[in-house]
Amino acid sequence: MSEWTADEMPRLDGKTVVVTGANSGLGFEGTREFAAKGATVVMACRSVERAEEAAREIRADAGGEVDGELDVRECDLASLDSVASFADGLAADYDAVDVLCNNAGVMAIPRSETEDGFETQFGVNHLGHFALTGHLFDLLDAAEGIGGDARVVTQSSGAHEQGEMDFSDLNWERSYGKWKAYGRSKLSNLLFAYELERRLDAADDEGEDPGIRSVACHPGYTDTNLQLRTAAESGNPLMKVGMKAANAVLGQEPEIGVEPMLFAATTDVDGGAYVEPGGLMNMRGHPTVGRSNDASYDREDARKLWEYSTEATDVEYPL
Ligand SMILES: NC(=O)c1ccc[n+]([C@@H]2O[C@H](COP(=O)([O-])OP(=O)(O)OC[C@H]3O[C@@H](n4cnc5c(N)ncnc54)[C@H](OP(=O)(O)O)[C@@H]3O)[C@@H](O)[C@H]2O)c1
């Protein structure tokens, strides 16, 4: 069984790490750990107020100042304009991005739409991150990275196993199941992460090595706000009680749940790997490299999703 912990992360002085959803749960913990190792962490959050509060908490816990730096910026993944403005701001102020953690997400909420008219779980969890990664491609390309490569780390979930692609209704206009939509958004995260790695590999074969690795991960069952937001949006007070109890009994601490993301970002893991907890049913414990379900490695679905995402977001990768 793996015993890897965040203590084994290398120093990250001089590195720039972007974390989406950095104000809460796994993003918050990741920000704390990266900054403790000396990185400049760009906290890409939809609420600057909540992000500044989180940054204050991280600094206070560290005794007043972190080893690295915290840079709070607005990035609402439910708005392609917000994602583009965030990326423009970063390009103006930074020369390179060494690690991008595509972490933010929403789970099993009632059907709603993003500013651009996409179903919110698909739009935020997948399309927002697809657009963000594409916009940041040049900054990733310019980075020295970690172990020679910049990293794109995409946070999926064991729930990808419940996901099914239906390219005739990606935005759930015909019918909507909130858990099915969550599963599909998390399967989309994996199809994207592996397709990105294949395209990077192909560029490498043609001698145009962008020096970027794409790695996927999932945190197991971790006690965060994710489940509480699901309950709050359901409008069912009993669900809130149930989710809180389940989190308390089954959820692991965010300090452990974040380890797969940290491992994917900083160890010499292969591009295209899937990092998950190595303990009970891959829902708990320290990180290990595993395998996601067969559907997530379907190349035809990955190609179709990439083409749809390019058109839907109007973001082209040079791959
Ligand atoms: N916790 C688990 O057991 C578990 C299991 C499997 C996978 N995951 C995955 O882990 C990731 C992180 O979740 P978490 O557990 O840390 O939950 P969390 O505590 O609820 O954090 C989610 C983060 O995403 C942000 N977010 C939501 N919508 C956004 C948007 N439109 N634009 C930008 N940011 C947005 C939230 O911002 P606000 O605070 O402003 O809402 C929050 O910072 C998610 O991708 C989730 O699917 C979690």
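Bear in mind these aren't lab numbers, they're just calculated from the coordinates by the rules spelled out. Model, not experiment: these values are computed from the prediction. With ideal geometry, Cβ positions are generated from the backbone for all residues, glycine too; neighbour counts draw on all protein chains shown.
Computed values, structure above
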{"item": "Gyration tensor (alpha-carbon) shape descriptor, the range 151-304, a/c threshold 1.5", "result": "oblate"}
{"item": "Extension reserve of the Thr5-Glu233 stretch, reckoned as 0.36 nm per residue once the Cα distance is removed", "result": "78.7 nm"}
{"item": "The range 271-285 versus the range 110-129: alpha-carbon centroid distance in Å", "result": "27 Å"}
{"item": "Ranked His160, His286, His129, criterion: other C-beta atoms within 10 Å, fewest first", "result": "His286, His160, His129"}
{"item": "Considering only the chain, percent of DSSP beta bridges that pair antiparallel, nearest 5", "result": "20 percent"}
{"item": "Mean ellipticity per residue at 222 nm, deg cm²/dmol - from DSSP H runs of n ≥ 4 across the chain, formula -39500 (n - 2.57)", "result": "-12500 deg cm²/dmol"}
{"item": "Protection proxy ranking, peptides 260-270, 303-313, average beta carbon neighbours within 10 Å, highest first", "result": "260-270, 303-313"}
{"item": "Choice from Met281, Met107, Met243 showing the highest fluctuation, given a GNM over the chain with Cα pairs closer than 10 Å", "result": "Met281"}
{"item": "Radius of gyration and Dmax over the Cα atoms of the chain, both given in Å", "result": "18.0, 57"}
{"item": "Candidates Val48, Val153, Val215, ranked by Gaussian network fluctuation over the chain, Cα under 10 Å, top entry", "result": "Val48"}
{"item": "Protection proxy ranking, peptides 16-25, 59-68, average beta carbon neighbours within 10 Å, highest first", "result": "16-25, 59-68"}
{"item": "Above-threshold pairs, the threshold being 19 Å between Cα atoms, out of Lys186/Lys240; Lys15/Lys186; Lys186/Lys304", "result": "Lys186/Lys240; Lys15/Lys186"}
